[in-house]
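Colleague: Got a structure here, written out as structure tokens. Questions coming.
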Amino acid sequence: MAGADSFVALTGFYRWLFLYVEPEVITALTALPCLFIWTFPGAAWFHHELIPDGSAAPVKALDARTEMTVYQLGNCYLLLGMLSSLVFRAARDALPDNPAAQERILGASLFAMAVADATHIAATWIGLPEELRYAVADWNPTTHGNITFVVFLMVARIAWFMGIGRTRYYYGQSVKVKKA
């Protein structure tokens, strides 16, 4: 395994957030919804938690289409956690002496995640009842995870692209065109 100095495209705060916190914590947090959906308290409970209203989760089962959608959503959470964990470590280990290539691979992943962040925030916001959109104190942990934490991650991804607090090796560099 490559050492910490061999991953210069991801340093300091960004390394801590994107290599340790997001993949490890988020993978655990994304694995938990999958586990909860697939076992106990179940898909109906998770479905109910998506929009906070203070009521107890319904005891009745979801219809088959809704249940399938909730299972698929749990699978997407798990996929995102695993991708960030595995891709970033692969870029570090496979390209220890090539910071531009590391940054290009990280950038592709971070860009895809930032787009997913923006659309996830928008979909969650639009899906919330109008009276809950600005009632942040009434949000439950699921809503904060889907909006508050995802906004934080998206801002950190944008800051990485802007080069805030780091040296850029690929993004933001001038491109040299070879003349034929």
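Colleague: Considering every pair of different Cα atoms, what Kirkwood radius, in Å, is found for the stretch 17-68?
Modeller: So the Kirkwood estimate lands at 12.3 Å.
Colleague: What full-extension length gain, to one decimal in nm, is calculated for VAL59 and THR119 as 0.36 nm per residue of separation minus the Cα-Cα distance?
Modeller: Stretched fully, the VAL59-THR119 segment lengthens by 18.5 nm.
Colleague: Only one of the values (i) 34, 21, 18; (ii) 26, 24, 15; (iii) 37, 18, 14 was calculated from this structure for semi-axes √(5λ) of the Cα gyration tensor in Å; name its label.
Modeller: The listed entry that was calculated here is (iii).
Colleague: For labels at ALA137 and SER6 in the simple 7 Å Cα→Cβ model, what's the distance in nm?
Modeller: Spacing of the two 7 Å Cα→Cβ label points: 5.2 nm.
Colleague: To continue, here is another question. R0 = 22 Å: FRET efficiency of ILE51 with PHE149, Cβ-based, nearest 0.05?
Modeller: Efficiency, rounded to the nearest 0.05: 0.80.
Colleague: Net charge around THR148, counting only other residues with Cβ within less than 14 Å of its Cβ (Lys, Arg = +1; Asp, Glu = -1)?
Modeller: -1
Rule-based calculations on the coordinates, nothing more; no lab input. If you're wondering where the values come from, they're calculated on a predicted model, not measured in any experiment. Reconstructed Cβ throughout: ideal geometry from the backbone, glycine too, with neighbour counts over all protein chains shown.
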